[in-house]
Amino acid sequence: MSLMDAARAVRENAYAPYSKFKVGAAVRTASGNVYTGCNVENVAYPEGTCAEAGAIAAMIAAGEREIVEAAVIAGSPSPVPPCGGCRQKLAEFATGHVQITLATTGGETRTVSVAELLPGAFDAGHMPDS
Ligand code: THU
């Protein structure tokens, strides 16, 4: 199964009763394993979590740390880029060269790098004394 197929499959489980906007995400790690996540909304709107955050949480729970590829899919008219918070979350576990494929359920795709999504990222190098 391709990484995008994994993202497409988990999107079916998304819990998005408020926005009606279902999103699926999948990350492949350096070991070759794939972790998936979907958005999970909440009646207290800010408590909702994005698909990317879910996939990353599953990866961390499994003891992994290094994303080498990611895929995100949504039922949007054009490939929807990850939100600002998810860009920062992806950058925590992926180098700037890592490719993220964004897709619509209609079949349109666009591939961007982590560095393109988050130029000038805040990283640990900005905290030399910590
Ligand atoms: N959402 C994601 O899960 N990932 C994205 O990259 C964009 C937005 C979710 C959050 C919320 O549940 C819904 O899409 C509408 O913003």
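None of the figures in this text is laboratory data; all of them are computed from the coordinates on show. As the structure is a computational prediction, the values presented were derived from the model and not from experiment. All Cβ positions, glycine included, derive from the backbone under ideal geometry; neighbour counts span all protein chains shown.
Worth a mention:
- Every pair of residues 6+ apart whose Cβ atoms lie under 7 Å, when the first sits in region 58-83 and is closer than 27 Å to Lys20 by Cβ and in contact (Cβ under 8 Å) with a residue 24 or more places away in the chain while the second is among the acidic types (Asp, Glu) and part of a loop (DSSP other than H, G, I, E, B): Ser78/Glu108; Pro79/Glu108
- Pairs, first of a type in the set (D, E, K, R) in region 7-36, second part of a helix (DSSP H, G or I) and within 15 Å of the ligand (Cβ to nearest atom), C-beta under 8 Å, six or more apart: Arg11/Ala51; Lys22/Arg11
- Per the listing Thr101, Thr105, the residue uniquely among the polar types (S, T, N, Q), in contact (Cβ under 8 Å) with a residue 40 or more places away in the chain and surrounded by 19 or more Cβ atoms within 10 Å (Cβ to Cβ) is Thr101.
- Top-ranked residue of region 8-59 - restricted to ones that are among the basic types (Lys, Arg) and either within 14 Å of Lys89 (Cα to Cα) or surrounded by fewer than 19 Cβ atoms within 10 Å (Cβ to Cβ) (or both), ranked as nearest to the ligand (Cβ to nearest atom): Lys20
- Residue under evaluation Ala115, criteria (1) over 20 Å from Ser31 (Cα atoms); (2) surrounded by 15 or more Cβ atoms within 10 Å (Cβ to Cβ); (3) within 16 Å of the ligand (Cβ to nearest atom), criterion not met: (3)
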